[in-house]
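Taking it in order: structure first as structure tokens, then the write-up.
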């Protein structure tokens, strides 16, 4: 009983410490998270999206790849800007993760990887 | 070379007209306020001139011409920036010179 | 929400730009110089200064190639690779090169050049070892001391940030066209903002184009995924599909006589009558796996992949040829690389590219300075500057003023290092980086206006020194270049003088401490007199 309460108080102190750190640096963490979403999230989304594009475009195989490759930068920069334009960080992460996962699922179904 | 000169001076004229269509720049050059009609005329002239320049350069060199056209834009903006910021009183002379170059090179090209 | 959007874009523009601005300045600077890559290499090799383009350049090519085969067969029959580089407008000399024997465990032994004056058909003495314009070209995306792959990833991300900063920059300047031609000089940070705007707008199509296409040149490293999805063996599979002349057979040790080159050339000229050939490369000459690759110039077409013919080196049969007609997508992709490298450019367009490149450098530099100034202003109340501000200011001074000085040092070193020095080319590059390091150390100590002024003067002196030392150590100078019509060399020296002039103007424009004090006193006095008048 006693031990448990000690443990509880420890976890409480750790979480409170964490939340304290978060509050103290919340601005920095939000900025860091936004950059992370833009760079890494944008990269993965673009990679999956253009891969899907390269096998779905109704063109010759090499043409489809070249076209999707040429468009990657456009897509990447659009996602990048979108991440900074949207206010809610949580919405950004959810949208990126969901769309990327959805596209990846579609891609693996089409390629028969599953 | 005459082709390039004509294309460039058309581009320069176009941006000069764009500038004169703006209230502040017009006032600096002519010391009077432009009326609505004048501004519209300048804009019209500018669009005609810049499209002509683009069409001419693309017609002559195709893709390469479009690239050259971007370069012409940069040079004309640089020239105009210098004139309007430091020597606004010379803009009239510069425009006269510009128009005469267009006419001369146009004549030269149509004759030869 | 709308107001918020603009604010978040402004915020992003500042931060995304700042994180990489010094690196971007380096990339833009080196890239701008790379437009004159061949001309810089020529300047760095005084032995080639007197070679001139012949009027019958294209007609001579056939006999030059045949003579080249004879020469290489006699001097380097067992070399793994030969190359015949035909004269072009920008590089008037003829070069028969072969690969030197490979050291143990290395994949490449380095080229042994043999330069020939196409006019007199005489061998030119071996020019001094130098990287020339290629140094700036590689610096542009390989950053020299870093591992090539790491460096390219860094450059890619910096360029991506640049693209994002450009787009957001356009978005936030809603009123960009209101006073587009105004540059308010001598107005402090207002002038810097104007300078930033003007240099961006001036060449906006160029900036967007060069950043986007620059990323496209490295796209298969950045995003190999589409090719990996569509092809079994990824990017290699794509290249083999798109570029049939790209196939490479395994080297065989078996020896076999080389085919008669005249037969191959007949084949070339029936395929391409009046072709302007640029280079012939021979892999594994006198081996069973020998191949001969013939490349022609693309001229002023927006096309980067050169027309290529690949021959079997033993029986002289055609193995593969590049597609005569590209599909729309291929044209789209290929023209982007061509746009970036600007190899197609004639002198007029090349100068326009150069001018736009400088506008890009000015844009980045003014952005860096403006930001440092703003933070300084905000800092005033606390008196002591934080580490961050000091770092930003030091980096500004070191990069913006250090790079031109280092470049001058590179050129001066080219003329002053003795010709027979071991690893001479690397010593020139060392001079570049040591100078830059010196400026950086200098900037660590102090970064006030006085330092900017001193470095501006130093840069001006260095630019003039390049021209003077060139005149003293070689048999030509800026006047003789003008008289002999050596325009590449003349423009080089002239540009040095122009930049020296610009640095002098810069040094004069930076107010000294005394001037600042008197200005402040003056403004205070006028304020006082105004007050008195009012009272």
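The values are calculated or read from the model by the stated rules, or taken from the named source; none is laboratory data. The structure presented is a predicted model; accordingly, all values stated were derived computationally and were not measured. In this analysis, Cβ positions are derived from the backbone assuming ideal geometry, glycine residues included, and neighbour counts consider all displayed protein chains.
Can you find a residue in the range B:93-102 that is within 14 Å of chain C (Cβ to nearest Cβ), modelled with pLDDT under 90 and surrounded by 14 or more Cβ atoms within 10 Å (Cβ to Cβ)?
Looking through the range B:93-102, at least one residue is within 14 Å of chain C (Cβ to nearest Cβ), modelled with pLDDT under 90 and surrounded by 14 or more Cβ atoms within 10 Å (Cβ to Cβ).
So residue C:244 passes all but one of these: (1) farther than 30 Å from residue C:157 by Cα; (2) away from chain A (no Cβ under 14 Å). Which condition number does it fail?
Looking at each condition in turn, residue C:244 falls short on (2).
Any residue in the range C:47-67 that is free of Cβ contacts under 8 Å to residues at least 60 places away in the same chain sitting within a Cβ distance under 8 Å of a residue that is assigned to a helix (DSSP H, G or I) and surrounded by 15 or more Cβ atoms within 10 Å (Cβ to Cβ)? List the pairs, counting only those 6 or more apart or interchain.
none
How about the range A:45-61: which of its residues are buried (at least 16 other Cβ atoms within 10 Å of the Cβ) and more than 10 Å from chain C (Cβ to nearest Cβ)?
Residue satisfying the conditions is A:45 alone.
From C:352, C:318, C:348, grab the single residue that is surrounded by fewer than 18 Cβ atoms within 10 Å (Cβ to Cβ), under 27 Å from the mean Cα position of the chain (by Cα) and free of Cβ contacts under 8 Å to residues at least 60 places away in the same chain.
C:348
Filter the range B:14-52 down to residues that are away from chain C (no Cβ under 14 Å) and either over 20 Å from residue B:68 (Cβ atoms) or in contact with a helix residue (DSSP H, G or I) (Cβ under 7 Å, 6 or more places away or on another chain) (or both), then give me how many there are.
Within the range B:14-52, residues that are away from chain C (no Cβ under 14 Å) and either over 20 Å from residue B:68 (Cβ atoms) or in contact with a helix residue (DSSP H, G or I) (Cβ under 7 Å, 6 or more places away or on another chain) (or both) number 15.
Among the numbered criteria (1) under 15 Å from the mean Cα position of the chain (by Cα); (2) at pLDDT below 90, which one does residue C:117 miss?
Against the list (1) under 15 Å from the mean Cα position of the chain (by Cα); (2) at pLDDT below 90, residue C:117 comes up short only on (1).
Please verify whether the range C:382-394 includes one or more residues that are in contact with a helix residue (DSSP H, G or I) (Cβ under 7 Å, 6 or more places away or on another chain), part of a helix (DSSP H, G or I), at pLDDT 90 or above and surrounded by fewer than 23 Cβ atoms within 10 Å (Cβ to Cβ).
yes
Read through the list (1) surrounded by fewer than 19 Cβ atoms within 10 Å (Cβ to Cβ); (2) in a helix (DSSP H, G or I), then give the number of the only condition that residue C:43 fails.
It is condition (1) that residue C:43 fails.
For the range A:70-114, which residues satisfy the criterion of being without any contact (Cβ under 8 Å) to a residue 40 or more places away in the chain and within 12 Å of the chain's Cα centre (by Cα)?
Those that are without any contact (Cβ under 8 Å) to a residue 40 or more places away in the chain and within 12 Å of the chain's Cα centre (by Cα): A:90, A:91, A:94, A:95, A:98, A:101.
Checking the conditions here, which among A:108, A:77 is in a helix (DSSP H, G or I) and farther than 24 Å from residue C:157 by Cα?
Within the list A:108, A:77, the selection yields A:108.
Is it the case that some residue within the range C:226-241 is surrounded by fewer than 21 Cβ atoms within 10 Å (Cβ to Cβ), modelled with pLDDT of 85 or more and more than 10 Å from every other protein chain (Cβ to nearest Cβ)?
no
Just need a number here: residues in the range C:227-274 that are closer than 24 Å to residue C:98 by Cα and part of a loop (DSSP other than H, G, I, E, B).
13
Find the residue count for the range A:62-99, including only residues that are over 27 Å from residue C:4 (Cα atoms) and more than 7 Å from every other protein chain (Cβ to nearest Cβ).
Result for the range A:62-99: 1.
Do we find a residue being closer than 17 Å to residue B:65 by Cα, more than 8 Å from chain B (Cβ to nearest Cβ), under 15 Å from the mean Cα position of the chain (by Cα) and crowded, with 21+ Cβ neighbours inside 10 Å anywhere in the range C:333-344?
Scanning the range C:333-344, I find at least one residue that is closer than 17 Å to residue B:65 by Cα, more than 8 Å from chain B (Cβ to nearest Cβ), under 15 Å from the mean Cα position of the chain (by Cα) and crowded, with 21+ Cβ neighbours inside 10 Å, so the answer is yes.
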